[in-house]
Structure formats: C-alpha cells, structure tokens
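Single-structure report; data block below.
The values are calculated or read from the model by the stated rules, or taken from the named source; none is laboratory data. All values derive from a computational prediction rather than experimental measurement. Cβ placement follows ideal geometry from the backbone for every residue including glycine, while neighbour counts extend to all protein chains displayed. Surface accessibility is based on the protein's heavy atoms, side chains included, excluding ligands, DNA and RNA. Shrake-Rupley method; radii C 1.70, N 1.55, O 1.52, S 1.80 Å.
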Amino acid sequence: MDALDRRLVRLLQHDASLTNAALADRAGLSPSSCLRRVQRLRDEGVLTRTVMLADAQKLGRGLTAIVQVFLNHHAHDRRREFLAHVRAEPAITQAWSVTGEADVILVLHLRDMADYARLCDLLFEHDPNVTKFQTLFALATYKSETAIGVDDPAAP
C-alpha cells in the first residue's frame with residue numbers, strides 16, 4: 001500500500017458514504033483512479049465491508065456489558081455449541097478468543113437487566129463447558145472507534 005491507498009482507507013473508515021467523486025477530490029485523485037484503487041483494496045481484502053454505524057442508545061440497547069467467559073475444555077468441538085449461540089445472538093456485537101485467565105471476551109449491547117439475565121441463561125447457565133463468567137457493565141463511554149490506524153511505514 002502506498003500513501004494514496006492509506007489516505008483512501010483513512011477517508012473511507014471515517015465516512016464510507018462519500019461518493020466516488022467526493023472521495024477522489026479529498027484524496028487528490030481522479031475519479032477513475034480512485035475507483036480502481038478502492039476496488040483493488042476491496043479485492044485484496046484491505047477493505048472488507050461497507051456499513052452504517054447505529055447509536056445503541058437510540059435503538060434501546062444502551063446497556064453495554066463486557067463479559068469474560070471461562071471454559072472447561074478448549075478443543076474446538078467442545079466450543080462449537082457455545083460459539084454457535086454467540087454468533088446467533090444479536091445482542092453480542094463482538095467476541096474474541098483471548099489469552100490470559102478468561103478464554104472468551106464478549107461485548108453485549110442490551111435493553112436492560114432482564115435482557116442480560118435472558119442472555120446469561122441462554123449462553124452460560126446451561127452450557128456445561130462454561131465454568132464461570134464475569135461481567136463488567138460500562139458506566140460511560142470515553143472512546144468507541146471503529147477505524148483502525150493506518151500508519152505510514154516510512155514515518156519514524
């Protein structure tokens with residue numbers, strides 16, 4: 001990736017709704033060159049999808065929980081059922097397999113504590129592979145960014 005590619009990625013991460021003409025203008029490219037570069041970045045998997053971000057509070061899902069899940073068995077076949085539930089649950093917006101004491105970290109956007117209790121019952125209480133879970137509830141959001149830093153490899 002050259003400097004123009006990095007500029008395009010930064011611009012698109014900030015506002016993917018830009019028209020090709022507006023994007024080209026902001027990037028200092030011709031519209032046809034801009035379109036070719038963006039398509040190449042998609043083909044190479046640098047740009048993976050185009051989405052609009054929603055305000056969880058305005059959608060009635062203002063309770064954010066971060067859950068650490070501790071599993072008894074780590075083999076993939078033992079995780080399969082748990083992961084299927086995780087993938088199917090719309091309240092879970094992020095899920096990671098992690099190092100450290102916990103095995104999985106989940107980020108949930110919930111309506112209320114009843115919604116949280118329902119999810120705990122579905123995901124944790126009846127899964128014999130879940131040994132324990134710990135939940136942190138977000139009191140305030142200081143930063144919530146979806147853009148990934150695009151560094152210039154030539155920069156110090």
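Per residue, how much accessible surface does the chain expose to a 1.4 Å probe? Answer in Å², no decimals.
Solvent-accessible surface per residue comes out at 68 Å².
Within region 6-66, list the trypsin sites (Lys or Arg not before Pro) lying in a DSSP loop whose Cβ has at most 10 other Cβ atoms in a 10 Å radius.
For trypsin sites (Lys or Arg not before Pro) across region 6-66 that sit outside H, G, I, E and B with at most 10 neighbouring Cβ atoms in 10 Å, the list reads 49, 58.
Would you kindly derive the ³J(HN,Hα) couplings of region 98-112 from the backbone phi angles with the Karplus curve 6.51 cos²θ - 1.76 cosθ + 1.60 (θ = phi - 60°), listing them in order in whole Hz, with x for Gly and Pro?
Using θ = phi - 60°, the values come out as 10, 8, x, 5, 6, 9, 9, 10, 10, 10, 10, 10, 10, 6, 6 Hz.
Step by step: find N for region 9-97, compute 2.2 N^0.38 Å, then divide the Cα radius of gyration by it. What's the final number?
Rg over 2.2 N^0.38 Å, computed on Cα atoms: 1.59.
Please build a GNM for the chain, connecting alpha carbons under 10 Å apart, and tell me which residue among 71, 11, 63 fluctuates the most.
11
Give the share of C-alpha pairs in each 5 angstrom bin for the chain, from 0 to the last occupied bin, in whole percents, shortest bins first.
1, 7, 14, 15, 12, 11, 12, 11, 8, 5, 2, 0
With all protein chains present, how much of the accessible area of region 74-156 (probe radius 1.4 Å) comes from carbon and sulfur, to the nearest whole percent?
Carbon-and-sulfur percentage of accessible area, whole number: 54.
Which value in Å is the Kirkwood Rh of region 67-118 over different Cα pairs?
Kirkwood hydrodynamic radius for region 67-118: 11.8 Å.
Can you tell me the relative contact order of region 47-131? Whole percent, Cα pairs under 8 Å, sequence separation 6 or more.
Dividing the mean separation by the residue count of region 47-131 yields 39 percent.
Compute the relative contact order of the chain as a whole-number percentage, counting only Cα pairs closer than 8 Å that sit 6 or more residues apart in sequence.
Once divided by the residue count of the chain, the mean separation gives 28 percent.
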